[in-house]
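Comments concern the structure below.
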Amino acid sequence: MAHAVKELFPDTRLAIGPAIADGFYYDLDCDHGITLDDLPKIEKKMKEIIKAKRPFVRKELSRDEAIKFFQDNGEIYKVELLNEIKDKTVTVYEEGDFTDLCRGPHLESTGKVRAFKLLSVAGAYWRGDEKNKMLQRIYGTAFPTKEALKKHLDFLEEVKKRDHRRLGKKLDLFSLNEDIGPGLVLWHPRGAAIRRVIENFWLDEHVKAGYQILYTPHMAKLDLWKKTGHLDFYKENMYSPMEIEGLEYEIKPMNCPFHVSIFKSRLRSYRELPIRFAELGTVYRYERSGVLHGLMRVRGFTQDDAHIFCMEDRIEDEVLRVLDFTLFILKTFGFDEYDIYLSTRPDKYVGTEEGWEKATDALEKALLHKALKYEIDPGEGVFYGPKIDIKVRDSLGRQWQCSTIQVDFNIPDRLDIKYRGSDSRDYRPIMIHRALMGSLERFFGILTEHYAGAFPLWLAPVQVSVLSIAERHADYCKGISDALVKEGIRADVDADNEKIGYKIRKAAMLKTPYMCIIGDKETENNTVNIRKRNGESIAEMTVEELIVFLKDEIINRR
């Protein structure tokens with residue numbers, strides 16, 4: 001692809017072009033300004049290069065030779081990369097009159113390339129740094145057969161249909177407005193209705209599970225974030241401090257210091273442990289504009305956060321409880337498939353090696369006790385402790401990071417939290433951070449794509465639409481809607497002067513689970529005619545029977 005671009009636009013300077021999970025990309029500095037319209041031309045040129053069956057020739061050069069070669073050819077980005085390579089020799093690959101810096105290995109020749117497709121063009125800062133020049137990135141994919149490529153492209157089309165940004169607009173769920181600011185979400189009434197259901201479910205289940213619900217401020221003095229170590233380890237994701245009455249304050253990137261403050265508000269006894277604090281806490285993190293993505297990557301979001309304070313010998317027991325709770329929550333929302341990772345000590349960490357070993361061992365024993373399959377993710381623990389990450393698989397088989405369970409050695413020490421033991425001495429509790437859904441915004445985006453916007457009845461923003469066939473049926477429709485709402489069922493009425501076919505299509509496009517079609521017969525018999533959003537009709541029933549029917553599905557969250 002890089003060769004094809006250079007032939008079409010000779011002044012192009014090549015940056016980096018790695019393989020990625022679903023294909024490849026190349027970052028290019030092209031004065032022409034590559035657009036989607038250029039992709040067919042590039043593909044055509046690529047096919048010519050493939051047809052020529054040119055061999056890939058590996059050459060080993062000294063680093064200085066390579067620097068001179070790329071300097072002579074105006075490849076400034078390759079020179080910058082080479083200047084950072086410590087090896088005395090490097091490899092380049094040639095095919096025809098094209099040479100690129102590559103580690104390899106490669107195929108025998110260009111003729112071995114089979115089915116490929118260029119997919120999109122995007123902007124990308126050189127080295128991912130917004131202070132550097134914006135380059136053009138071409139994404140593509142390749143497969144050994146046309147059939148495999150077609151299967152993948154069909155999958156991408158399905159992904160496109162399910163894109164939560166597209167569905168969010170189509171279903172009137174949420175929006176992002178540049179006037180408000182990038183990465184800051186506006187929840188519309190329909191999206192807010194779903195969020196309210198999620199939050200109420202979360203709150204009810206946490207109370208049942210022995211958690212105490214908290215509410216904390218959105219900012220705190222800068223000194224607090226110094227004490228916790230966030231300014232040392234997390235500063236690049238925090239916003240600039242603000243000054244209030246001569247003191248510096250910081251909007252919160254985390255909820256944990258506030259929960260610790262509540263724990264420290266009075267002397268705690270060993271008899272009270274474990275203490276489980278939970279909060280739907282909104283936090284703010286600085287994400288660069290280039291990585292913001294709908295609800296999946298935002299700057300302000302609400303975490304389903306909780307912190308458990310327990311004795312050291314209770315870590316495994318508490319992790320077992322959290323694992324059961326997590327899998328119950330995920331399964332309730334329709335996620336039955338997931339991958340589990342145990343992340344171990346990174347190079348930069350706090351605490352003792354002995355403490356890390358104890359915590360990691362407790363996490364691993366809990367996973368083994370539950371007979372859960374997991375992979376070790378070496379060195380990917382957070383700086384304050386090891387963790388378990390649970391990544392759900394959606395209806396398309398895509399993996400999403402949601403749940404995490406983290407053991408913390410840092411904050412208990414830094415904020416000097418203690419409990420009084422049975423011997424009247426003070427001890428340091430262990431602190432477990434855990435989030436089941438991650439952020440509500442991201443979880444909502446994942447749910448939207450998982451269900452392609454067709455949420456199950458218990459989550460749907462409008463559960464029933466009551467549709468009148470004629471104007472004379474409007475009052476009866478209103479009575480049905482009122483009866484449903486009174487029973488806690490989210491219902492609306494469409495009594496507009498439109499044909500019933502149009503009303504049905506409108507409700508189906510909004511993916512409303514059930515429609516009540518009301519005409520003369522239903523009005524006379526005090527009944528309703530029920531239709532599902534997929535077009536299937538259900539037997540005529542009374543309003544009372546409808547309420548029982550709907551409540552059964554809602555309560556059981558089918």
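For the range 21-74, a residue qualifies if it is more than 21 Å from R114 (Cα to Cα) and hydrophobic (A, V, I, L, M, F, W, C), and the qualifying residues are L28, C30, I34, L36, L61, A66, I67, F69, F70.
Of all residues in the range 428-448, those that are under 14 Å from I315 (Cβ atoms) and either touching a residue at least 60 places away in the same chain (Cβ under 8 Å) or in a strand (DSSP E or B) (or both) total 6. When the residues of the range 30-42 are filtered to those that are at pLDDT 95 or above and in contact with a helix residue (DSSP H, G or I) (Cβ under 8 Å, 6 or more places away or on another chain), the one that is nearest to P10 (Cα to Cα) is I42. Go through (1) surrounded by 14 or more Cβ atoms within 10 Å (Cβ to Cβ); (2) at pLDDT 95 or above; (3) out of contact with any Asp or Glu (no Cβ under 7 Å at 6 or more places or on another chain) and name the single condition Y125 misses. Y125 satisfies all of (1) surrounded by 14 or more Cβ atoms within 10 Å (Cβ to Cβ); (2) at pLDDT 95 or above; (3) out of contact with any Asp or Glu (no Cβ under 7 Å at 6 or more places or on another chain) except (2). Close Cβ contacts (under 7 Å, 6 or more residues apart or on different chains) running from residues in the range 163-180 that are in a helix (DSSP H, G or I) to residues that are hydrophobic (A, V, I, L, M, F, W, C) comprise H164/L295; G168/F174. Among the residues that make up the range 137-146, is at least one of them touching an Asp or Glu at 6+ places or on another chain (Cβ under 7 Å) and surrounded by 13 or more Cβ atoms within 10 Å (Cβ to Cβ)? Checked the range 137-146: at least one residue is touching an Asp or Glu at 6+ places or on another chain (Cβ under 7 Å) and surrounded by 13 or more Cβ atoms within 10 Å (Cβ to Cβ). Only residues in the range 98-117 that are over 19 Å from A15 (Cα atoms) and not assigned by TED's automatic domain parsing to the domain that holds G17 count as the first member; pair them with residues that are exposed (fewer than 15 other Cβ atoms within 10 Å of the Cβ) and among the aliphatic types (A, V, I, L, M), Cβ under 6 angstrom, at least 6 apart or cross-chain, and list the lot. Every condition considered, no pair remains.
Listed here are the strands (runs of 3 or more DSSP E) enclosed by the range 461-543 that have at least 1 residues being free of Cβ contacts under 8 Å to residues at least 40 places away in the same chain and in contact with a strand residue (DSSP E or B) (Cβ under 7 Å, 6 or more places away or on another chain): 491-494, 527-532, 537-542. Taken together, M238, M242, M219 contain a single residue that is within 30 Å of K131 (Cα to Cα) and under 23 Å from the mean Cα position of the chain (by Cα), which is M238. Would you please name the residue that is nearest to Y419 (Cα to Cα), looking only at residues in the range 242-283 that are surrounded by 20 or more Cβ atoms within 10 Å (Cβ to Cβ) and aromatic (F, W, Y)? Only one residue fits best here, namely F263. The criterion of at least 1 residues that are closer than 16 Å to Y26 by Cβ is met by the following strands (runs of 3 or more DSSP E) wholly inside the range 37-144: 89-95, 98-101, 115-125, 134-143.
Across the range 288-299, the number of residues qualifying as buried (at least 17 other Cβ atoms within 10 Å of the Cβ) and in contact with a strand residue (DSSP E or B) (Cβ under 8 Å, 6 or more places away or on another chain) comes to 4. Restricting D482, D426 to those that are in the same structural domain as T344 (by TED's automatic domain parsing), surrounded by fewer than 16 Cβ atoms within 10 Å (Cβ to Cβ), farther than 30 Å from V159 by Cβ and of a type outside the set (A, V, I, L, M, F, W, C) reduces the list to D426.
Please find, among I76, I20, I34, the residue that is within 23 Å of G128 (Cβ to Cβ) and loosely packed, with under 13 Cβ neighbours inside 10 Å. Result: I20 is the single residue among I76, I20, I34 that is within 23 Å of G128 (Cβ to Cβ) and loosely packed, with under 13 Cβ neighbours inside 10 Å. No other residue among I388, I417 is within 30 Å of R266 (Cβ to Cβ) and either in contact with a helix residue (DSSP H, G or I) (Cβ under 8 Å, 6 or more places away or on another chain) or crowded, with 24+ Cβ neighbours inside 10 Å (or both) apart from I417. For the range 267-291, taking the residues that are at pLDDT below 95 and out of contact with any Phe, Trp or Tyr (no Cβ under 9 Å at 6 or more places or on another chain), the one that is farthest from G183 (Cα to Cα) is identified as V291. Of the residues examined, A306 is not one that is buried (at least 18 other Cβ atoms within 10 Å of the Cβ) and over 30 Å from H218 (Cα atoms).
Of the strands (runs of 3 or more DSSP E) lying entirely inside the range 217-317, those containing at least 2 residues that are of a type outside the set (S, T, Y) and in contact (Cβ under 8 Å) with a residue 24 or more places away in the chain span 219-221, 247-251, 275-284, 300-310.
Scanning the range 236-266 for residues being of a type in the set (K, R) and within 22 Å of G438 (Cβ to Cβ) gives a total of 1. Evaluating N497 against the criteria (1) of a type outside the set (G, A, S); (2) in contact with an Asp or Glu (Cβ under 7 Å, 6 or more places away or on another chain); (3) surrounded by 19 or more Cβ atoms within 10 Å (Cβ to Cβ) leaves one unmet condition, (3).
The values are calculated or read from the model by the stated rules, or taken from the named source; none is laboratory data. Since the structure is predicted, the reported quantities are computational estimates derived from the model, not experimental observations. Cβ: placed from backbone, ideal geometry, glycine included. Neighbour counts: every protein chain shown.
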